[in-house]
Amino acid sequence: MPVLRVALDVPLATLFDYARADDVDARPGDRVVVSFGTRSRVGVVMEEGEGSSISSAKLKPVTRVLGDAPRLPASWLEFMRFLAGYYHRPLGETVIGALPPRLRSLKPLPKKVREAASPEVASSPRFVPNHVLTFEQAQACERIASALGSYRPFLLHGVTGSGKTEIYLRAIAQVLEHGGQALVMVPEISLTPQLEERFRRAFPDARVAMLHSALQDVPRTADWLAAARGEAGVLLGTRLAVLAPMPRLALVIVDEEHDTSFKQQDGLRYSGRDAAVVRAKLAGCPVVLGTATPSLETWQNALERRYERLALPERAVPGARLPAVRTVDLRRESPAHGFAPSLLAAIGERLARREQSLVFINRRGYAPVLSCHACGWAAGCARCTARMVLHRVGRCLRCHHCGDEAPIPRACPTCGNLDLKAMGRGTQRVEETLAAHFPGARIVRIDRDSAQRRAELTRTLQAIARGEADILVGTQLLAKGHDFPLLTLVGVLDADGALVSTDYRAAERLFSTLAQVAGRAGRAQQPGEVLVQTYFPQHSLYAALARHDFAAFAAAQLAERESAGFPPFVHEAALRAEAPKLALALQFLEDAARLVPVPEDVRVYDPVPHVITRRADLERAQLLVQSASRPALQEFLRAWTEKLFAAAPRNVRWHLDVDPIEFS
Ligand code: ADP
Ligand code: ZN
Ligand code: ZN
């Protein structure tokens, strides 16, 4: 007897059997309504099978097929199976979770969505080229074009401003010409407005669909449907765009592939970048990973020739050069309010020449510590093992880990001292210092506090590009992708922390962040200058940065990683637990480590508390699993998770993170 196996969003790692009713023609890939327990649910038919453990008399029929979205292609179902298997999550949760929220519910789609999703595509979309390609660009384009039609991974390694986006556009134009679809993934929402415009201008007749989590339900569903129906020639989005079905997928692009925001940090903890490579493999199409500073994983793949490296060592605009990067030795120039005299002087010169400066500090707020010098008290979060950050704007203390806010105390709560001191600095304090030093300068601060709304951020960025600001103060948010033609100086404060961090990935992140911010300077005709304030001016990381020598930096890092036994030379998974008390979490992990025998080529480490042990009133610990063999690790995790799902006590929450990148 034929049986339909249906994926449902329930925390069980199994599919559910249903019968095919005579009048309901449900096939694999169909979204269907089934009754489950006492209620109806939306499911996806994953496969047809013969026979069931449920007797045919008890087997319920599929209630109906939901026809408002196209049947999900077999390759998409296969992709879902891969994700659920590799990240060890229930298949049903993975499949239903990959649908936009609207399509997970039983309610029919609103008229607005159906209308927004109506086709509007020209048959042969025009491409409006921007430039005559440079020699390197033309070569890279040719390599990608020659790979169309089969799986091939590329690393497009181009310095900032080398014209990587231009290459994406050409490759996409070819794909559209042949009726294919292109998936383009970018790290951040704040990046997409500029990029979106560039894509729409390049392809005025094609449908460019957008997908990211900040979108409202209606446009998000409509654009998802446009991708799923094959109407959208281009799908541009953040990591979640990789989950959208694209029946004619012919090219995958991941821009800024090194960016850590491609990693999903809850639920299905997938790497958008890694998933994109698998997606391309399943679709039989090329994948282009673009960046100025590849992740060490990708770089190692290129060194081992698993990925083909396409190099763009120069900036594309004729005459535009990479900025001169120099260190400012803080041991010789003692800083006042965080600024060395020579950095202030350099900003002053830019003001006089009516050029822009950017001051980069990777901490928002006013000051990271509010403390009492009489008794040593420091403002801490009641719910986390972390300090509260002082915010002058908004007048509060705020925890950057749980989001809690508290009023600023007028006196020390332990000794009554009225003279509480703000220690260290964040963007707000830097803004204040600059305003005092350069009265009359137009200073704009950009961080997550100032850029709450996307539209506002876009407006601010446009104003900056028009020259309506003299000094920009910003965090990482400013580091990425924006093009400010008048910007000729970047000053970097407080970068040294990463050099002494216990996190072995800190140096990699610092290098890419600094290369990114440095890339903001001198984009047009004026040469740029980058001044990095540091107590370690001889450090090899700064030396490599000054030479724009990623290869040397990577070689040193990889040698360290190899001798210490870190990724990419081993593969990792972290089992994390949180509970009201740390002891509970640790106990669960200890028990977990003994659940299944550990094979020789897999190593399970002792559980350890997180650095920030308590967050939002829960105490956290984790244990690390490592293996030099990915298949061995995967096999172990499969056996392990099967037992884990059954073993966890109710007051412990746990999850498995495969290829984790954060350990805080
Ligand atoms: P990336 O994505 O590598 O940072 P972009 O594609 O954004 O670089 O290009 C950087 C700048 O160079 C843009 O202003 C772009 O218009 C310009 N550009 C790109 N290719 C060329 C070219 N072949 N000739 C002239 N300018 C170019
Ligand atoms: Zn005190
Ligand atoms: Zn907190």
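Under 5 Å from the amide H of GLU308 lie the amide H atoms of PHE154, LEU155, each residue being 5 or more positions distant or on a separate chain, with H modelled from the backbone and absent for Pro and chain starts. Of all lysines in the structure, those lying under 27 Å Cα to Cα from LYS60, and not within fewer than 8 positions of it along the same chain, are LYS107. With the cut-off at 1.5 for a/c, could you classify segment 1-63 from its C-alpha gyration tensor as rounded, prolate or oblate? Rounded is the answer for segment 1-63, as its axis ratio a/c remains below 1.5.
The C-alpha atoms of the chain define a longest principal axis, and helix 192-202 lies at about 70 degrees to it. Close amide H partners of LEU211, meaning residues 5 or more places away or on another chain with modelled amide H under 5 Å apart, are LEU236, GLY237, THR238.
A simple rule links phi to the HN-Hα coupling: the Karplus curve 6.51 cos²θ - 1.76 cosθ + 1.60 with θ = phi - 60°, which for segment 314-328 gives 10, 6, 7, 5, x, x, 6, 10, 5, x, 7, 9, 9, 9, 10 Hz, with x for Gly and Pro. Each residue of segment 81-90 was assigned a 3J(HN,Hα) from its phi angle through the Karplus curve 6.51 cos²θ - 1.76 cosθ + 1.60 (θ = phi - 60°); the sequence is 4, 4, 4, 4, x, 6, 9, 6, 10, x Hz, with glycine and proline shown as x.
In the chain, taking the dipole from charged Cβ atoms about the Cα centre, the farthest positive-side position among HIS373, GLY338, ALA98 is held by HIS373.
Normalised by the residues of segment 379-525, what does the relative contact order come to in percent, with Cα pairs under 8 Å and at least six apart? Walk me through the intermediate numbers first.
Working: 150 pairs, mean separation 21.9, N = 147.
Here the relative contact order equals 15 percent.
Taking a straight line from the alpha carbon of LYS164, these lysines sit under 19 Å away, with near neighbours fewer than eight places off in the same chain left out: LYS480. To the nearest 10 degrees, how steeply does helix 164-177 sit against the main Cα axis of the chain, on a 0 to 90 scale? Rounded to the nearest ten degrees, it is 20. For segment 324-365, the list of trypsin sites (Lys or Arg not before Pro) that fall in a loop by DSSP and count at most 15 other C-beta atoms within 10 angstrom reads ARG331, ARG332, ARG353, ARG354. The mean sequence distance of close C-alpha pairs (under 8 Å, at least 6 residues apart), as a share of the length of the chain, puts its relative contact order at 11 percent.
Taking the radius of gyration and the Kirkwood hydrodynamic radius from Cα positions alone, what is the Rg/Rh ratio for the chain, to two decimal places? Intermediate results must be reported in sequence, preceding the final value.
On the way: Rg = 26.6 Å, Rh = 27.2 Å.
Reported Rg/Rh (Cα atoms, Kirkwood Rh): 0.98.
Between TYR535 and ASP503, the C-beta separation translates, for a Förster distance of 30 Å, into a calculated FRET efficiency of about 0.95. Shape summary of segment 144-208, radius of gyration then Dmax from alpha carbon positions: 12.5, 33 Å. Compute the helix-to-body angle for 341-352: its Cα long axis versus the longest principal axis of the chain, expressed 0 to 90° and rounded to tens. The answer is roughly 80 degrees.
Applied to segment 513-521, the Karplus parametrisation 6.51 cos²θ - 1.76 cosθ + 1.60 on θ = phi - 60° returns per-residue 3J(HN,Hα) values of 4, 5, 5, 5, 5, 4, x, 6, 8 Hz, with x for Gly and Pro. Shown here: segment 431-489, whose C-alpha atoms stretch 30, 25, 17 Å along the first, second and third principal axes, sorted largest to smallest.
Each part gets one Cα centre, and for segment 388-460 versus segment 72-106 those centres are 42 Å apart.
The numbers here are math on the coordinates, done by the rules we state, and not lab data. Fair warning: this is a prediction, and the values are worked out from it, not measured in the lab. Methodologically, a virtual Cβ is constructed for each residue, glycine included, from the backbone with ideal geometry; neighbour enumeration extends over all protein chains shown.
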